[in-house]
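Student: Structure incoming, see below.
The values are calculated or read from the model by the stated rules, or taken from the named source; none is laboratory data. Predicted model only: the values in this text are computed from it and were never measured. Backbone-built Cβ (ideal geometry, glycine too); neighbour counts: all protein chains shown. Ligands, DNA and RNA are stripped out before the accessible areas are found, and what is left, the full protein with its side chains, is counted by its heavy atoms. Shrake-Rupley method; radii C 1.70, N 1.55, O 1.52, S 1.80 Å.
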Amino acid sequence: MKTKLAHVRVNVKDLDEAIDWYESTLGFKVAATWPPEKPNYAHFEADNGATFAIMEHEDYPSLGRLNFHTDDVEALWIELKNNVNVIEELFSTPYGTRKFTITDLDGNELGFVQD
């Protein structure tokens, strides 16, 4: 069976704090929140690939790691490295990419990769 990933979500402790961190630290922009009366979910604008979302939930952090492709991993590394929790510093992988990994406020692992 062939599939195409359309949506991924990680759990966070506090939705408002997490939105602020993703917007101010990573430059993500919220596309929508849900439910309207008292949101506990938000997803961010996406340019191709899967939609990335966060949800306020008691089971955080989510297990696993999400990798985001970027056009300039070196510049992003320089911008972020002193302002985030780093799991893996920028390195060259055996399969020809450059990558680093950080965590968000709640410990969710986020990798940033350039082909």
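Student: Do you know which of the residues in the range 98-115 that are open to solvent by less than 70 Å² (accessible area, probe 1.4 Å) and either in contact with a His (Cβ under 9 Å, 6 or more places away or on another chain) or of a type in the set (D, E, K, R) (or both) is farthest from residue 67 (Cα to Cα)?
Tutor: Checking each candidate, the answer is 106.
Student: Find all pairs meeting these conditions: Cβ atoms under 7 angstrom apart; at least six residues apart or on different chains; first residue within the range 25-50 and under 11 Å from residue 68 (Cβ atoms) and open to solvent by less than 60 Å² (accessible area, probe 1.4 Å); second residue assigned to a loop (DSSP other than H, G, I, E, B) and not polar (S, T, N, Q).
Tutor: Qualifying pairs under 7 Å: 44/28; 44/29; 50/5; 50/6.
Student: Run down 28, 112 and say which single residue is within 12 Å of the chain's Cα centre (by Cα), closer than 27 Å to residue 3 by Cβ and in a strand (DSSP E or B).
Tutor: None of the other options fit; the residue is 112.
Student: Starting from the range 89-108, keep only residues that are closer than 28 Å to residue 60 by Cβ, then list their pairs with residues that are polar (S, T, N, Q) and in a loop (DSSP other than H, G, I, E, B) whose Cβ atoms are within a distance under 6 Å, requiring at least 6 positions of separation or different chains.
Tutor: 99/93; 108/62
Student: Still on this structure: Tell me the residue from 54, 102, 87, 78 that is more than 13 Å from the chain's Cα centre (by Cα) and assigned to a strand (DSSP E or B), please.
Tutor: Residue meeting the stated conditions: 87.
Student: Still on this structure, I have one more. Kindly indicate the residue of the range 57-75 that is closer than 30 Å to residue 35 by Cβ and assigned to a loop (DSSP other than H, G, I, E, B) and also least open to solvent (accessible area, probe 1.4 Å) among those meeting that condition.
Tutor: Among those that are closer than 30 Å to residue 35 by Cβ and assigned to a loop (DSSP other than H, G, I, E, B), it is 62.
Student: May I ask you to list the residues in the range 1-24 that are in contact (Cβ under 8 Å) with a residue 24 or more places away in the chain and either open to solvent by 90 Å² or more (accessible area, probe 1.4 Å) or assigned to a strand (DSSP E or B) (or both)?
Tutor: Result: 5, 7, 8, 9, 10, 11, 12, 13, 17.
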